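Colleague: Below you will find the structure I want to go over with you.
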Amino acid sequence: MALMDSLLNAAAQALGGKDENGQSSLTDMAMNLVQQQGGVGNLINQLQQGGLGDVLNSWVSNQQSNLPVSGSDLQNALGSDAISQVAQKFGLDSQQAGDMLAQILPNLVDKATPNGSAQDADGFGLDDIASAILKNFTK
């Protein structure tokens, strides 16, 4: 498990880690949400079922740019409880947490689906996120 923690810490640092005040980063929040949802594949399914299909397709596709999403869209798609749990853990209100997650989730899903298929994300967990991020920074 120490190796996993090391990989996750390296990935978080590579994507910004802590800010200059030592506050948790967007990456930490996104990883928490992914863990809460049971992996990236489950997160994608929740977003799809929550009505974000078109936006989600742009994140998965390698043929187009990632469309933006709002924090309130994420709250509607995932449920306010999911965002509230992340917000509480990181000392934010739900709107702030939703807005912050909206900044990073498009890139996270994009990285989890390098071949343009949502099926790529099935079983894509925290260790896979760390590995994919590290590969991009060690090229």
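Colleague: Would you mind computing, in nm to one decimal, how far apart the modelled labels at N62 and Q49 are, each placed 7 Å from Cα along Cα→Cβ?
Modeller: 2.9
Colleague: Compute the distance in nm between two label points, each set 7 Å from the Cα along the Cα-to-Cβ direction, one at S72 and one at N107.
Modeller: Result: 2.6 nm between the two label points.
Colleague: Separate question: Provide the packing ranking of 34-46, 82-94, i.e. peptides ordered by the mean count of other C-beta atoms within 10 Å per residue, highest first.
Modeller: Values: 34-46: 19.5, 82-94: 17.7.
Result, highest mean first: 34-46, 82-94.
Colleague: Could you derive backbone 3J(HN,Hα) for the stretch 42-56 from the dihedral phi with the Karplus parameters 6.51, -1.76 and 1.60 (θ = phi - 60°), listing whole Hz in sequence and x where the residue is Gly or Pro?
Modeller: Once θ is set to phi - 60°, the couplings for the stretch 42-56 become 5, 4, 4, 4, 4, 5, 4, 5, x, x, 9, x, 5, 5, 4 Hz.
Colleague: With θ taken as phi - 60° and the coefficients 6.51, -1.76 and 1.60, list the Karplus ³J(HN,Hα) couplings across the stretch 92-99 in order, rounded to whole Hz; mark glycine and proline as x.
Modeller: Those phi angles translate into 10, 8, 4, 5, 4, 4, x, 5 Hz.
Colleague: Sticking with this one: Determine ³J(HN,Hα), in whole Hz, for all residues of the stretch 28-38 in sequence, where each value follows from phi through the Karplus function 6.51 cos²θ - 1.76 cosθ + 1.60 and θ = phi - 60°; x replaces Gly and Pro.
Modeller: So the J values, rounded to whole Hz, are 4, 5, 5, 5, 5, 5, 4, 4, 4, 7, x.
Since every read-out is calculated from the coordinates, none of them should be taken as a lab result. Treat the numbers as computed from the prediction; the structure is a model and nothing was measured. When we count neighbours, we look across all protein chains shown, and the Cβ atoms used for this are built from the backbone with ideal geometry, even at glycine.
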